[in-house]
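Bear in mind that the values in this text are calculations on the coordinates, not laboratory data. Because the structure is a prediction, the values reported are computed rather than measured. Reconstructed Cβ throughout: ideal geometry from the backbone, glycine too, with neighbour counts over all protein chains shown.
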Amino acid sequence: MDHTYVNVPIFGGGSRALNIAAGTSTIIVGANGSGKTRLGVLLENQIPPLFVQRIAAQKSLTLRDDISLISFERANNFLRFGGPDFQGAHKSHGRWASKPATHLLNDVDALMQALFSAHNRVASEHLKERKSNPNIEIPVTKLEKSKQIWEQLLPHRVLEITEASIQVIPLGSTASARYSGSEMSDGERGIVYFLGQSLVAPDNAVIIVDEPESHVHRAILRRLWNAFRKNPRELM
């Protein structure tokens, strides 16, 4: 989808067509209570579910240390529609519990499952190909790219990827100073979350982010969103 048109209602009646083009950003600002969240819901409902991902302002960023690995297809369905066996028609009640403007979004587990399942699939395919061609180029997965950008934004930390979890190692510290993903600060988890959402989004998808400034310190906010706005192919 190179671009899509959505109708934005105008105070006093009528509407205005908003052209959302691939590779561009549209920023909507307004005071508290002016209706930004409900406008995001309205825009989401006008875009085909396969091409839109809305990230709510009210969301849980609690990371688990025991990610359950499932296939990428089921993890992607879980992330986008609210259940591993759900499709677009289930999105309203599966992802949003039929309360799209007020429901507390809790899709961190689904996001991590999608990142790890894609990572494991690439690793498995590379191992298979490497048996016949040992000189084949080593691929960089979306999870590894997320790690690279995370470490650029937080250069005093190293993100370690294990079989089904992540850990943080402070630079210059002893091994005992490392801590699990569940013990990350809000900002550290927020960066993992936003980068992951950008990387697993379908090509040319519309990503609607409500309150993009939440959880992340202002010192790195600009760099994070410059990375987030890039096409996932550019990030890779």
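To the nearest 0.05, how large is the calculated FRET efficiency for A175 and L69 if R₀ is 30 Å and r is the Cβ-Cβ distance? Walk me through the numbers before you get to the answer.
Working: r = 26 Å, r/R0 = 0.87.
FRET efficiency, A175 to L69: 0.70.
Can you say what percent of the DSSP beta bridges in the chain, counting only those with both residues inside, are antiparallel? Round to 5.
Numbers: 14 of 19 bridges.
Percent antiparallel among DSSP bridges in the chain is about 75.
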- Exceeding the 20 Å Cα-Cα cut-off - candidates K36/K59; K36/K99; K91/K147; K59/K99; K91/K230; K59/K230: K91/K147; K91/K230; K59/K230
- Query: Of T174, Q58, L39, which is farthest on the positive side of the dipole of region 3-235, counting Cα position, with +1 on Lys and Arg Cβ, -1 on Asp and Glu Cβ, and the Cα centre as origin?
  - Reply: L39
- Grab the Cα-Cα distance for N19 and N7, subtract it from 0.36 nm times how many residues apart they are, and report the gain in nm with one decimal. 3.4 nm
- Message: With just the Cα atoms defining each centre, how far is region 152-190 from region 8-50? Give it in Å.
- Response: 36
- Amide H to amide H, which residues 5 or more places from Q53 or on other chains are under 5 Å from it, using H placed in the peptide plane? V206, I207, I208
- Fully extended, how many nm does the chain gain between R121 and S185 (0.36 nm per residue separation, minus their Cα-Cα distance)? 20.1 nm
- Message: To the nearest 20 Debye, how big is the dipole of region 3-235 about its Cα centre, given +1 on the beta carbon of each Lys and Arg and -1 on that of each Asp and Glu?
- Response: 520
- Item | Gained length - A219 relative to K36, 0.36 nm times residue gap less alpha-carbon distance | 63.4 nm
- Query: Using the Cα gyration tensor of the chain, with a ≥ b ≥ c the square roots of its eigenvalues, what is the shape: rounded (a/c below 1.5), prolate (a/b larger than b/c) or oblate (neither)?
  - Reply: prolate
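With charges set only on the Cβ (+1 for Lys and Arg, -1 for Asp and Glu), what does the dipole of region 147-236 come to about its Cα centre, in debye to the nearest 20? Walk me through the numbers on the way to the answer.
Working: 10 positive and 11 negative charges, 65 e Å.
So the magnitude is around 320 debye.
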